[in-house]
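What follows is a set of notes on a single structure, which appears directly below.
Readers should treat all values here as calculations from the given coordinates under stated rules, not as data from a laboratory. Keep in mind the model is a prediction, meaning the values are calculated, not measured. Virtual Cβ from ideal backbone geometry, glycine too; neighbours counted across all protein chains shown.
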Amino acid sequence: MDTKVKIFINDEEYTEYIPNRMLLVDFIRDVAGLTGTHIGCTYEGVCGACTVQLNEQAIKSCLVLAVQADGHSITTVEGLAKGGVLTSLQKAFNDHHALQCGYCTPGILMNMDEFLKEHPNPTEEEIRHGLVGNLCRCTGYAHIVDAIRD
Ligand code: FES
Ligand code: FES
């Protein structure tokens with residue numbers, strides 16, 4: 001059975017008929033075509049690669065049904081930079097070489113974008129605790145932590 005939803009992603013409106021069981025991550029990638037949001041753990045909620053913001057709160061979009069986002073605002077990694085200007089966090093990831101393959105990066109950026117609003121001057125311990133839901137197979141996290149501290 002299909003349900004009509006209206007979801008705002010990066011300030012664009014997407015009104016669609018979708019299956020009730022469609023996951024938000026699949027709506028973002030397959031309906032909206034925003035493939036910066038990744039799937040890293042076959043929808044088990046453990047890797048964090050699918051992290052987006054729902055009403056400015058970081059959430060794992062593989063654990064949310066798209067119908068639950070009806071009428072709400074989503075921000076994906078494509079919505080961070082405005083007018084081609086990277087955010088301070090994105091610039092810091094570049095400056096500190098905080099990514100290798102980059103598969104985890106969109107999810108970490110979306111999680112840490114919210115985290116830094118709540119913790120504007122975090123300790124390393126707070127950053128590492130904040131990153132607990134985002135897995136990175138490449139970097140060993142040291143450069144990621146440096147970028148977030150910066
Ligand atoms: Fe959502 Fe891994 S794909 S947490
Ligand atoms: Fe490759 Fe994090 S940079 S998984």
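Would you mind telling me which residue in Lys91, Lys60, Lys82 has the biggest mean-square fluctuation in a Gaussian network model of the chain, where springs connect alpha carbons within a distance under 10 angstrom?
Maximum among the listed residues: Lys82.
Choose one of Ala147, Leu65, Thr87: the residue whose Cα lies farthest towards the positive end of the charge dipole of the stretch 48-150 (beta-carbon charges +1 Lys, Arg; -1 Asp, Glu; about the Cα centre).
Leu65
Around Gly40, which amide H atoms from residues at least 5 apart in sequence, or from another chain, sit under 5 Å from its own amide H, with H modelled in the peptide plane?
Ala49, Cys50
Show that you can apply the helix-only estimate: for the chain, add -39,500 (n - 2.57) for every DSSP H stretch of four or more residues, divide by all residues, and state [θ] at 222 nm to the nearest 500.
-7000 deg cm²/dmol
Enter the Cα centre distance for the pair the stretch 116-150 and the stretch 11-49, rounded to the nearest angstrom.
25
Add +1 for every Lys or Arg and -1 for every Asp or Glu among the other residues with Cβ under 13 Å from the Cβ of Asp70, and state the total.
That works out to -1.
Using per-residue counts of other Cβ atoms within 10 Å, averaged over each peptide, order 8-14, 117-123 from highest down.
Packing order, densest peptide first, comes out as 8-14, 117-123.
Which of rounded, prolate or oblate describes the chain when judged by the alpha-carbon gyration tensor and an a/c cut-off of 1.5?
Since a/c reaches 1.5 and a/b is larger than b/c, the shape of the chain is classed as prolate.
Charges only on Cβ, +1 for Lys and Arg, -1 for Asp and Glu: so what's the dipole of the chain about the Cα centre, in debye to the nearest 20?
For the chain, the charge dipole is close to 220 debye.
If I require 15 Å or longer along the helix axis, counting alpha carbons, and a Kyte-Doolittle average no lower than -1.0, what helices from the chain are left? Use full DSSP H segments.
105-118
How many Lys pairs in the chain lie less than 19 angstrom apart by Cα atoms, where the lysines are 8 or more positions apart or on different chains?
Final tally of qualifying lysine pairs is 4.
Could you work out the relative contact order of the chain, using alpha carbon pairs under 8 angstrom and six or more residues apart, expressed as a whole percent?
Contact order relative to length: 24 percent.
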